[in-house]
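Some notes on the structure that comes next.
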Amino acid sequence: MLDAQRSSQLSAVSSELLCPMPDAQCEHAQCPHSLFKIMQSNIQAPSSLNLDLAFPARTASVSRTTKETDVQVSLNLDGQGRCSADTGIPFLDHMLHQISSHGLIDLEVRATGDIEIDDHHTNEDVGITLGQALAQALGDRKGIVRFGHFIAPLDEALVQVSLDFSGRPHLSYGLDIPTQRVGTYDTQLVREFFVAVANNSLMTLHIRQLDGINSHHIIEATFKAFARATRMAVEIDPRRAGAIPSSKGVL
Ligand SMILES: [Mn+2]
């Protein structure tokens, strides 16, 4: 479904680029017509340029089933921040929306799990599956910026996230969340979630709390900073020209 959405977006973009105004009458610097002329002059490609070749889809779909949980994650790294999350854990759904919205990642997450015991298994397995989906969508990590960082404020809370799609999983976790629960969500599960994401996306991830009093604010600022840092890191760096961003040549 995400692929279909993407191809309709691309065809919408390419038809927008065909400004109806004749060249001589188009005087607007921001007109799509101008963008189209810039594209035509900069891209050495036939006029039947295949946008899918120029921008290969960076999508993934991962299903993971154990005796404890059943999780499906679909994502598009080049999305618009559309999110559908239903994990059975309302606060986790709220945080997945932050990743999608601020990471501009289209994200669908479905999970059923043994939440009659507690949220631990489902929370962790959503993190594992999301990490696997990130790794799958990035493939060999060619052409990406690779590093990302952001400091997100949320009222009194201020959280820094710095990450590297290094191929080497690591988490340094510096949150000091003052209450055991936010709603029904056990705040110890925030660390478990990011351990799972880092291990399965092969990411080096550092999280530092610079300020904050309210548990909800501290956690939400963390997810927002994580989203923006991820968005920065997965962006295509045009100066890389599709090369793997490592002096070793492998990530
Ligand atoms: Mn909130």
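Coordinate-derived values only; no laboratory data. These numbers come from a predicted model, not from an experiment. Cβ: placed from backbone, ideal geometry, glycine included. Neighbour counts: every protein chain shown.
Key figures for this structure:
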{"read-out": "20 Å Cα-Cα reach of LYS248 towards aspartates and glutamates, excluding residues that sit fewer than 8 places from it in its own chain", "value": "ASP140, ASP164, ASP237"}
{"read-out": "Reach of LYS67 by Cα under 12 Å, taken over aspartates and glutamates that are not fewer than 8 positions away in the same chain", "value": "ASP114, ASP125"}
{"read-out": "Equivalent ellipsoid semi-axes, region 154-234, via Cα gyration tensor eigenvalues times 5, rooted, Å", "value": "22, 14, 10"}
{"read-out": "Least to most buried among HIS149, HIS97 (fewest other Cβ within 10 Å first)", "value": "HIS149, HIS97"}
{"read-out": "Principal semi-axes in Å for region 53-99 [√(5λ), Cα gyration tensor, largest first]", "value": "24, 16, 5"}
{"read-out": "Residue-count net charge about ARG110 - beta-carbon cut-off 14 Å; Lys, Arg +1, Asp, Glu -1", "value": "-4"}
